[in-house]
Amino acid sequence: MLTVTENAKQRLKELLLANTNDADFGVRLVLRAVGQTGLVLDREGFADDVVEYEGAKVLLMGPEVAQLVAGATLDTEDTPEGTKLVISRNS
């Protein structure tokens, strides 16, 4: 299971609300290329892992993505370009 910090949940909710007000949508973690992930707006699928925060589906993951990030942590990192979401492996 991916651990999602409170800061990451809050940032995901901000991203969600900035892009839609449709409660049926969430932010989906997808694979872009080997070792690269991305986020897209999507509806919950039947087998998805769902992370909810303050009544919103802030993170959706299909089984294959959930398996790849199992044991990792999704958190935020402040950069000169703004707050970014970062996935890291737990020690």
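Val65 passes all but one of (1) among the β-branched types (Val, Ile, Thr); (2) free of Cβ contacts under 8 Å to residues at least 40 places away in the same chain; (3) surrounded by fewer than 16 Cβ atoms within 10 Å (Cβ to Cβ); which number fails?
That leaves (3) as the condition not met.
Working only within the range 20-57, note down all residues that are in contact with a strand residue (DSSP E or B) (Cβ under 8 Å, 6 or more places away or on another chain), without any contact (Cβ under 8 Å) to a residue 24 or more places away in the chain and of a type outside the set (Gly, Ala, Ser).
Across the range 20-57, the qualifying residues are Thr20, Asp24, Arg32, Val40, Asp42, Arg43, Glu44, Asp48, Glu52.
Can you find even one residue in the range 70-80 that is without any contact (Cβ under 8 Å) to a residue 24 or more places away in the chain, farther than 13 Å from Gly26 by Cβ and of a type in the set (Asp, Glu)?
Yes: the range 70-80 contains one or more residues that are without any contact (Cβ under 8 Å) to a residue 24 or more places away in the chain, farther than 13 Å from Gly26 by Cβ and of a type in the set (Asp, Glu).
No value in this document is a laboratory result; all are computed from the given coordinates. Keep in mind the model is a prediction, meaning the values are calculated, not measured. Please note: Cβ atoms are built from the backbone with ideal geometry, for glycine as well, and neighbour counts cover all protein chains shown.
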